[in-house]
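Let me begin by presenting the structure, written as structure tokens, before commenting on it.
The values are calculated or read from the model by the stated rules, or taken from the named source; none is laboratory data. Just so we're clear, the structure is a prediction, and the values are computed from it rather than from any experiment. Here the Cβ is made from the backbone with ideal geometry for all residues, glycine too, and neighbour counts use every protein chain on show.
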Amino acid sequence: MTAEVIFGSELAQSMRDEMKEEVSRLKSQGIVPGLTVILIGDDPASKSYVLGKQRASEYVGVSSDLITMPEETTEEELLTKIAELNNDDKVNGILVQLPLPNHINEQKVIEAIIPEKDVDGFHPINIGRMMTGKDTFFPCTPYGIIQMLKSKNISISGKHAVIIGRSNIVGKPVGQLLLNENATVTYCHSRTVDMEKYISEADILVVAVGKAHFIDGTHIKNGAVVIDVGVNRTEEGTLTGDVDFDSAKEKASFITPVPKGVGPMTITMLLHNTIKSAKKSYN
Ligand code: GUN
């Protein structure tokens, strides 16, 4: 079997075109969705993600504000800035780019953003809402993955979804969203014994470990759907995923590439959440 490639880049573009029209309708009603991104320090990868968010916001018509703060910014200074934005009616979404410098408590910062403006979907209240099957802001990468599966009419209900990786940003929430869609979910991680066994049983395999070519086609079940969340830079400077695309493609029915796969969907769902917040349809 040779898999069909799911280009998140194409789905992202069509969703952004739809959002652009929606934002223009909202603006005619006096609603201007506003996103504020806070970037601390000058990590090149974070800078490049933030630039992508700015460009996409501009395309869709979301008013986007970037606040850059130096690496030495104290936790208190950051919390003060967040409190200001929490009280600013023009700001519908607040995103603090992670990771933060070591002297700042990441969880404290996440919890400082009011849940109504937490367009990342990282606040414990929003995570709790997601876990109990309520509508809320879902974390952007997991939410984007669900959209990609749905765009290809891939059925999730009753399927065995195996997640490799248990980060708070991707692994845990993507498993929860797949469970909400009635998948049977298994999480694998660095302490999992006999990971190959689980990989070989996966109907839907999501790989989010951040290690280039961590998985190849050897153990992948024929016809599996393979979602590669990894973004790794090779020594030559090119981007590559956590999955060895060429060998996995021979086993899978659908597979996402890197780049042009999951990545563009993350920013798209961030804009979706920001528009949702502006419409006050989060309640
Ligand atoms: N750093 C890497 N991915 C993300 C994300 O989705 N949100 C935030 N805030 N920081 C990140």
Working carefully through the options GLY241, GLY230, GLY237, find the one that is out of contact with any Lys or Arg (no Cβ under 8 Å at 6 or more places or on another chain), within 16 Å of the ligand (Cβ to nearest atom) and among the small types (Gly, Ala, Ser).
-> GLY241
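Residues of region 135-146 being closer than 22 Å to LYS117 by Cβ and within 16 Å of the ligand (Cβ to nearest atom), which ones?
Those that are closer than 22 Å to LYS117 by Cβ and within 16 Å of the ligand (Cβ to nearest atom): THR136, PHE137, PHE138, PRO139, CYS140, THR141, PRO142, TYR143, GLY144.
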GLU75 being more than 15 Å from the ligand (Cβ to nearest atom), within 30 Å of LEU239 (Cα to Cα) and of a type in the set (D, E, K, R) = no
Filter pass, ALA208 being of a type in the set (Gly, Ala, Ser), touching a helix residue (DSSP H, G or I) at 6+ places or on another chain (Cβ under 6 Å) and within 15 Å of the ligand (Cβ to nearest atom) = yes
Give just the number: which of (1) surrounded by 22 or more Cβ atoms within 10 Å (Cβ to Cβ); (2) more than 19 Å from GLN54 (Cβ to Cβ) does ILE267 not satisfy?
-> (2)
Picking from PRO124, PRO173, which residue would you name as being in contact with a helix residue (DSSP H, G or I) (Cβ under 7 Å, 6 or more places away or on another chain) and not assigned by TED's automatic domain parsing to the domain that holds LYS251?
-> PRO124
Determine if region 257-264 includes at least one residue that is closer than 23 Å to ILE127 by Cβ and assigned to a helix (DSSP H, G or I).
-> yes
Provide a single number: the residues in region 100-110 that are in contact (Cβ under 8 Å) with a residue 24 or more places away in the chain and either part of a helix (DSSP H, G or I) or within 10 Å of the ligand (Cβ to nearest atom) (or both).
-> 3
Is there a residue being within 16 Å of the ligand (Cβ to nearest atom), outside any helix (DSSP H, G or I) and in contact with a Phe, Trp or Tyr (Cβ under 7 Å, 6 or more places away or on another chain) anywhere in region 152-159?
-> no
Restricting attention to region 1-57, which residues are within 16 Å of the ligand (Cβ to nearest atom), loosely packed, with under 14 Cβ neighbours inside 10 Å and in a loop (DSSP other than H, G, I, E, B)?
-> ASP42
Residue match in region 101-121 (condition: within 21 Å of the chain's Cα centre (by Cα), on the phi > 0 side of the Ramachandran plot and modelled with pLDDT of 95 or more) | yes
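Does ASP89 qualify as being farther than 28 Å from THR256 by Cβ, of a type outside the set (Phe, Trp, Tyr), assigned to a loop (DSSP other than H, G, I, E, B) and free of Cβ contacts under 8 Å to residues at least 40 places away in the same chain?
In short, yes.
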Can you find even one residue in region 261-275 that is more than 16 Å from the ligand (Cβ to nearest atom), touching a helix residue (DSSP H, G or I) at 6+ places or on another chain (Cβ under 7 Å) and not assigned by TED's automatic domain parsing to the domain that holds HIS189?
-> yes
Test: VAL96 is within 13 Å of the ligand (Cβ to nearest atom) and surrounded by 21 or more Cβ atoms within 10 Å (Cβ to Cβ) | yes
Tell me, which residue of region 267-281 that is more than 12 Å from LEU11 (Cβ to Cβ) and polar (S, T, N, Q) is nearest to the chain's Cα centre (by Cα)?
-> ASN273
Taking into account only those residues within region 200-232 that are within 22 Å of ASN168 (Cα to Cα) and among the charged types (D, E, K, R), which is surrounded by the fewest Cβ atoms within 10 Å (Cβ to Cβ)?
-> LYS211
Tell me, which helices (runs of 4 or more DSSP H) lie completely within region 160-256 with 1 or more residues that are among the small types (Gly, Ala, Ser) and more than 16 Å from the chain's Cα centre (by Cα)?
-> 195-201, 245-249
